[in-house]
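Colleague: Just dropping this structure here.
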Amino acid sequence: MEQVQEPGIFLVDDVAFIQGKQGMEIGEAVARRGIKKQYYMETRGDVLLRNKEVFQFWKTLGLQYMFLGVEAIDAEGLKMHRKRISLGQNFEALEFARSLGITVAINLIADPDWDRQRFEVVRQWCLEIPEIVNISVNTPYPGTESWLTESRKLHTRDYRLFDIQHAVMPTKMPLHEFYAELVKTQQVLNKKHLGWAALKGTAKIAAGHLMRGQTNFIKMLWKFNSVYNPELQMADHRRPVVYEMTPPPEKKDKIDAKQLFILPPKGRQGRAIDDATETFVDETRMGTVV
């Protein structure tokens, strides 16, 4: 068997192995080629439980890291985020991911409706588990189910704020306090995973980067406050809006699942361009006589 050894980590992006049969066939092709890599995969709890044998097979191929979308630690939160999995199944998926003997990172979604008590509960839970935890902000995107079903009106349509780190829906707490609690939670997780103690576990990685003159990894460990800062987030809201998202349609109780993630063309009327650009388009159109 020909073995192809290549350095680095290969990322399987989006939700890995929604189609278990295809995931197994790809894995078998990788095995036949003798490709040796480390793999990083992102997936959902329901997909992981449905296709356990696929992920077990990929562990033998080099699966080292998994980003698992847990999203919420209670049934109410799962329902809010339209996750069709029970709380018990979510934790079952986490236990199975642990059983693979790989590094597991999980994602939680902070909802704008959270208060201080809710943030504190989440912080304590995150400290009690060994996994790396990432906190993102609930953000409805065009084409997703929540974009069509979310009843809360957007308080901003600034395209730049749709980055899962800003609140684009009304917050229960004053916005600045919401960001303060969010950053406090992220700081707790940062100290848990990216301090000197954590560096011991990544010493080999860090040394390799430094030998190649790459210092970003080391600097990143202690530059948290210059990146995550409530004042910077508030300042982002005060910036002039350059491009606005098209408003979502009226809330729907029933949706056609086949239309999710499909953005139909709006034609010329859906194009938002300024006068100068419109003039340029007209003057340079094919067949236009100036």
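The values are calculated or read from the model by the stated rules, or taken from the named source; none is laboratory data. For clarity, every value in this text was computed on a predicted model and none was experimentally measured. Here the Cβ is made from the backbone with ideal geometry for all residues, glycine too, and neighbour counts use every protein chain on show.
Colleague: Regarding region 23-45, can at least one residue be identified that is touching a residue at least 40 places away in the same chain (Cβ under 8 Å) and out of contact with any Cys (no Cβ under 8 Å at 6 or more places or on another chain)?
Modeller: Yes.
Colleague: Just name the residue that is nearest to Pro130 (Cα to Cα) out of those in region 24-64 that are in a helix (DSSP H, G or I) and small (Gly, Ala, Ser).
Modeller: Here the answer is Gly45.
Colleague: Restrict the check to region 251-263 and report whether at least one residue is of a type in the set (Phe, Trp, Tyr) and either at pLDDT 70 or above or in contact with a strand residue (DSSP E or B) (Cβ under 7 Å, 6 or more places away or on another chain) (or both).
Modeller: Checking region 251-263: not a single residue is of a type in the set (Phe, Trp, Tyr) and either at pLDDT 70 or above or in contact with a strand residue (DSSP E or B) (Cβ under 7 Å, 6 or more places away or on another chain) (or both).
Colleague: Could I ask something else about it? Select from region 65-117 the residues that are among the charged types (D, E, K, R) and in a helix (DSSP H, G or I) and write down the one among them that is modelled with the lowest pLDDT.
Modeller: Lys79
Colleague: Let me ask something additional. Take region 126-158 and flag every residue that is among the β-branched types (Val, Ile, Thr), surrounded by fewer than 16 Cβ atoms within 10 Å (Cβ to Cβ), over 15 Å from the mean Cα position of the chain (by Cα) and assigned to a loop (DSSP other than H, G, I, E, B).
Modeller: Ile129
Colleague: Turning to a different aspect of this structure: Restricting to region 236-246, name every residue that is within 23 Å of the chain's Cα centre (by Cα) and surrounded by 10 or more Cβ atoms within 10 Å (Cβ to Cβ).
Modeller: Scanning region 236-246 gives Asp236, His237, Glu244, Met245, Thr246.
Colleague: With the requirement that a residue be in a loop (DSSP other than H, G, I, E, B), over 16 Å from the mean Cα position of the chain (by Cα) and surrounded by fewer than 17 Cβ atoms within 10 Å (Cβ to Cβ), what does region 159-172 give you?
Modeller: Pro170, Lys172 - these are the residues of region 159-172 that are in a loop (DSSP other than H, G, I, E, B), over 16 Å from the mean Cα position of the chain (by Cα) and surrounded by fewer than 17 Cβ atoms within 10 Å (Cβ to Cβ).
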